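Notes for the one structure printed next.
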Amino acid sequence: MDDREDAAGTRGLFRAYFGGEDGSVATTFRNLATADVVRRTDERLGLSYARFDLPPEEGCGAWHFLSPAEGIFAVLTDCEYHTIRHERVVAEGLIEFHFLLEGPVELSLPQELDATAPTNVSLIACQQAPGMAYDVVCQPGTYKMASFYVRPELIRESFGMDLSQGMARQLLSPREGTMAMTEQKIDPEFLRLLRGLFEIRFSGPRDLTLAAARILELLVLSVDAVDRGGKAEEQSIVFTARELAMFDRAREVLAGDFTESQTIPRLARKLGTNATKLKSGFRLLYGTTIFAFRNRHRMHRAMQLLAEGDTPIAAVAHAVGFRHQASFTSAFRAHFGLTPTQARQRLVPTDAP
């Protein structure tokens, strides 16, 4: 069994497959040059593209890799994962920009009441100080995500980030023992460019050039978004190593405690942090809001109870934290597409007369 197959057994993400011992993005891109992947290159422009298709037993879809310039790495995730994926992210001196277009998620930012505006996509920018590391976990489901990793000096000099803003300074130079993060809204034009990036098939003679140009344009817009956030006197959120480590505990609590009294502020106090940090860190590490994560586990626990056949639906509702059966029925139908009664009929069919 080769190293990639051994790593694949852990059901990790792209670093687990191609990142080598240090598990870094830079090593991933170096190793792609000799990996068993689909590749296209444009030597004149110095562009190289690689695609890795998920093994059928793990899911479907692919990771796409492109570096449009020295010190800029882009990873496009267009996959359906059949199992939970877990990966360790080490500090390597790169600023990360993440955009989740599709996934089993709900975002925390309030959206404008505008039918043309994006309702579930935002920009997350972050960087951890040397020696910091964090764990990311993806639940099973479909993900369409763009991630850009950029050297800070390029963001500062080539993209002109406004260093007079505290948010920019924290992102470019996080304090020792911390990780800085900010989440910003994106506008409809930004979203259109993101979706267009995923429509490129990487098969025609101009596809690599088009993708590289689009990534650079999206980075310009990302820096604009961070600058605007800084001018609005919003600061980035700073996590310590202890706070990053506590999110596993938050995940355990949310996956098992469905009582109505389990609110975000109460959970934050229990873990020794504040609600803003808890919500933002959860989004970064697990690609979902606390509400969506908890609701997923509540609904699956409800399905287990319904399968037992003899628990009244009102009791099932109470067991997963709903005071009123009607509210539980609405939430269950929104999640599974059928009512609890219909689910029970399918799970526990009655004997024919």
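One table, with the values for the structure above:
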item	result
Selection count, region 249-265, where residues are acidic (Asp, Glu), open to solvent by 50 Å² or more (accessible area, probe 1.4 Å) and more than 23 Å from the chain's Cα centre (by Cα)	1
Region 306-329 residues that are more than 18 Å from VAL348 (Cβ to Cβ), paired with ones that are modelled with pLDDT under 90 and open to solvent by 30 Å² or more (accessible area, probe 1.4 Å) (beta carbon under 6 Å, 6 or more apart)	GLY321/THR259; GLY321/GLU260
Residues located in region 38-58, provided they are touching a Lys or Arg at 6+ places or on another chain (Cβ under 9 Å) and assigned to a strand (DSSP E or B)	VAL38, ARG39, ARG40, LEU47, SER48, TYR49, ALA50, ARG51
THR209 being more than 22 Å from PRO130 (Cβ to Cβ), modelled with pLDDT of 95 or more and open to solvent by 10 Å² or more (accessible area, probe 1.4 Å)	yes
Residue in region 43-56 that is modelled with pLDDT of 95 or more and surrounded by fewer than 17 Cβ atoms within 10 Å (Cβ to Cβ) present	yes
Condition check for ALA268: in a helix (DSSP H, G or I), touching an Asp or Glu at 6+ places or on another chain (Cβ under 8 Å), under 23 Å from ALA245 (Cβ atoms) and open to solvent by less than 40 Å² (accessible area, probe 1.4 Å)	no
Flag for ALA331 being under 30 Å from ALA133 (Cβ atoms), under 28 Å from the mean Cα position of the chain (by Cα) and either of a type in the set (Val, Ile, Thr) or surrounded by 13 or more Cβ atoms within 10 Å (Cβ to Cβ) (or both)	no
Filtered residues of region 131-155 (kept if at pLDDT 95 or above and either of a type outside the set (Gly, Ala, Ser) or loosely packed, with under 15 Cβ neighbours inside 10 Å (or both))	PHE148, TYR149, VAL150, ARG151, PRO152, GLU153, LEU154, ILE155
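The values are calculated or read from the model by the stated rules, or taken from the named source; none is laboratory data. All of these numbers come straight from a predicted model, not from anything done at the bench. Neighbour counts are summed over all protein chains in view; Cβ atoms, including those assigned to glycine, are modelled from backbone coordinates with ideal geometry. With ligands, DNA and RNA removed, areas are computed over all heavy atoms of the protein, side chains included. Shrake-Rupley method; radii C 1.70, N 1.55, O 1.52, S 1.80 Å.
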